[in-house]
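First up is the structure itself, then whatever we jot down about it.
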Amino acid sequence: MRLSRYFMPVLKEDPKEAQIVSHRLMLRAGMIKQQAAGIYSWLPLGYKVLRRIEQIVHEEQARAGHIAMLMPTLQSADLWCESGRYDDYGEEMLRIKDRHKRDLLYGPTNEEMITDIFRSHVNSYKDLPLTLYHIQWKFRDEIRPRFGVMRGREFLMKDGYNFDLTKEDALHAYNRHLVSYLRSYERMGLQAIPMRADGGPIGGDYTHEFLVLAETGESEVFYDSEITDLKFGDRAIDYDDVAECQAVLEEFTSRYARTDETHDAALFEQIPETRRRQARGIEVGQIFYFGTKYSEPMGATVVGPDGTRVPVHMGSHGIGVSRLLGAIIEASHDDKGIIWPEGVTPFHVGIVNLKQGDASTDGACGALYAELKAQGLDPLYDDRDERAGAKFATMDLIGLPWRITVGPRGLAANKVELTARRTGESVELSPQEAVARLK
Ligand code: ATP
Ligand code: MG
Ligand code: MG
Ligand code: MG
């Protein structure tokens with residue numbers, strides 16, 4: 001993309017409404033625009049990052065054997081009456097009436113709808129295990145929408161639902177989700193720690209929230225510092241192997257890590273004092289096994305091996321796709337702007353032309369731009385007629401991991417400068433070498 005033809009409305013001033021750095025930087029970089037409290041347009045740069053995060057989620061869900069689909073944002077109230085949640089959900093649910101005075105709602109989550117789909121089409125245990133998911137907009141009428149996309153009212157969520165014959169099978173699905181989530185967050189350049197969470201009225205030990213440590217996080221967390229040394233990395237995993245997935249769960253959840261809702265001071269104090277940490281975190285996902293909570297009242301049953309009908313065991317598993325943009329920026333920025341991890345960056349590299357209008361720098365930048373695209377990379381070429389300082393400031397603000405600077409002096413020696421956003425380190429290379437480094 002040539003910046004002169006792009007739509008990236010960068011703000012010069014810090015927006016007053018932004019209380020935390022990610023919100024400020026997303027507004028300044030022209031990534032989002034608020035349309036109403038907690039409701040945002042995704043401008044091109046923000047939309048690109050959102051799509052990259054979605055793509056990682058899709059790839060990792062596919063790897064785990066989970067199946068993508070799409071359910072609507074609007075739901076009929078009838079289904080929610082069947083589960084009993086229509087009255088329980090309270091004011092967070094946006095309730096709508098259509099012209100026939102039928103009650104609809106903008107879905108805050110999809111347990112009821114997916115259970116309805118399941119019961120309409122699945123009859124036998126032979127069709128299990130089954131895990132379906134979608135990435136769809138949700139609406140929750142949060143009492144205090146704030147921090148930009150972190151706590152929106154309309155927000156994008158990946159939510160997946162497993163259907164299994166037995167509790168054991170459903171716990172294997174739970175473990176598969178844990179592993180796939182660890183992989184997803186790491187690919188986004190994030191450390192998200194699974195922490196024991198509160199099962200709510202259903203209770204039980206089978207729920208974990210994934211938290212990114214950040215001072216601006218809304219959750220209070222307590223953990224053993226050893227947990228931050230754990231990394232899933234690029235190890236191979238067989239998602240069908242029950243023991244292998246269970247071992248990952250044990251590895252990542254055996255050390256103390258809890259949110260304030262489940263915090264147990266006595267247990268915490270058994271950890272050596274030097275390893276005890278109390279901090280704040282951003283919830284970027286949650287996994288949940290809830291058994292037959294929805295399948296029983298809604299009649300989602302299958303014929304088991306012995307010929308009798310039994311309600312299926314279910315779980316639901318969410319990732320806060322749009323919240324992740326904020327979380328990534330909270331975890332990765334400096335005083336000049338965003339520092340995108342390579343896995344989610346909107347463009348791979350920025351090209352800065354120091355002397356726009358000069359035939360030789362324009363020619364070299366054009367050639368570099370074409371070559372990077374030919375290599376399958378997505379460059380952003382700042383071809384505006386602006387001072388070098390302004391171009392650098394924009395590149396630093398939008399946080400592309402690499403910048404190639406092209407000026408007449410360097411070109412005379414066939415050199416351009418390749419700079420890493422994170423470290424600020426630069427090397428002089430020929431244009432060909434610079435492309436080769438980025439491939
Ligand atoms: P929170 O505790 O922050 O209100 P939640 O526990 O109500 O979140 P879940 O029902 O677990 O949310 O939804 C799955 C994920 O969706 C969350 O882990 C979070 O990342 C994201 N999410 C929830 N509410 C919002 C929101 N208002 N804005 C953006 N993302 C959200
Ligand atoms: Mg909530
Ligand atoms: Mg929560
Ligand atoms: Mg949650």
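When region 85-105 is filtered for residues that are within 13 Å of ligand 1 (Cβ to nearest atom) and either touching a Leu at 6+ places or on another chain (Cβ under 7 Å) or in a loop (DSSP other than H, G, I, E, B) (or both), the ones remaining, listed by number, are 89, 93, 94. Screening residue 171 on (1) within 14 Å of ligand 1 (Cβ to nearest atom); (2) closer than 30 Å to residue 253 by Cα; (3) in contact (Cβ under 8 Å) with a residue 40 or more places away in the chain; (4) surrounded by fewer than 21 Cβ atoms within 10 Å (Cβ to Cβ) shows it passes everything except condition (1).
If we scan region 313-325, do we find a residue that is farther than 19 Å from residue 206 by Cβ, more than 16 Å from ligand 3 (Cβ to nearest atom), in contact (Cβ under 8 Å) with a residue 24 or more places away in the chain and surrounded by 21 or more Cβ atoms within 10 Å (Cβ to Cβ)? First the steps, then the outcome.
From region 313-325, those farther than 19 Å from residue 206 by Cβ are 320-325; that's our starting set.
Then keep just the ones that are more than 16 Å from ligand 3 (Cβ to nearest atom); that gives 325.
Applying the additional criterion that residues be in contact (Cβ under 8 Å) with a residue 24 or more places away in the chain yields 325.
So of that shortlist, the ones also surrounded by 21 or more Cβ atoms within 10 Å (Cβ to Cβ) come out as 325.
Within region 313-325 (the criterion being farther than 19 Å from residue 206 by Cβ, more than 16 Å from ligand 3 (Cβ to nearest atom), in contact (Cβ under 8 Å) with a residue 24 or more places away in the chain and surrounded by 21 or more Cβ atoms within 10 Å (Cβ to Cβ)), the answer is yes, since at least one residue qualifies.
Counted as qualifying within region 175-232 are the strands (runs of 3 or more DSSP E) with 2 or more residues that are closer than 27 Å to residue 342 by Cα and touching a residue at least 24 places away in the same chain (Cβ under 8 Å), namely 192-196, 207-213. Please work out if residue 281 is more than 16 Å from ligand 2 (Cβ to nearest atom), buried (at least 22 other Cβ atoms within 10 Å of the Cβ), assigned to a strand (DSSP E or B) and touching a residue at least 60 places away in the same chain (Cβ under 8 Å). Judged against the criteria, residue 281 is not a match. Tell me yes or no: at least one residue of region 174-188 is among the hydrophobic types (A, V, I, L, M, F, W, C) and within 28 Å of residue 18 (Cβ to Cβ). Within region 174-188, one or more residues are among the hydrophobic types (A, V, I, L, M, F, W, C) and within 28 Å of residue 18 (Cβ to Cβ).
Take the conditions (1) modelled with pLDDT under 95; (2) surrounded by fewer than 17 Cβ atoms within 10 Å (Cβ to Cβ); residue 296 misses just one of them, which is (1). Looking at 65, 30 in this structure, which one is under 30 Å from residue 131 (Cβ atoms), of a type in the set (Gly, Ala, Ser) and in a loop (DSSP other than H, G, I, E, B)? Exactly one residue qualifies, and that residue is 65.
The set of residues from region 106-144 being away from ligand 2 (no atom under 16 Å from the Cβ) and outside any helix (DSSP H, G or I) comprises 122, 123, 124, 128, 129, 130, 131, 132, 133, 134, 135, 136. Is region 108-122 home to any residue that is small (Gly, Ala, Ser) and in contact (Cβ under 8 Å) with a residue 12 or more places away in the chain? Taking every residue of region 108-122 in turn, none turns out to be small (Gly, Ala, Ser) and in contact (Cβ under 8 Å) with a residue 12 or more places away in the chain.
Among the residues making up region 150-167, none is more than 16 Å from ligand 3 (Cβ to nearest atom), within 20 Å of residue 20 (Cα to Cα) and out of contact with any Phe, Trp or Tyr (no Cβ under 6 Å at 6 or more places or on another chain). Considering each residue of region 329-341 in turn, at least one proves to be under 27 Å from the mean Cα position of the chain (by Cα), on the phi > 0 side of the Ramachandran plot and touching a residue at least 40 places away in the same chain (Cβ under 8 Å).
The values are calculated or read from the model by the stated rules, or taken from the named source; none is laboratory data. All of these numbers come straight from a predicted model, not from anything done at the bench. All Cβ positions, glycine included, derive from the backbone under ideal geometry; neighbour counts span all protein chains shown.
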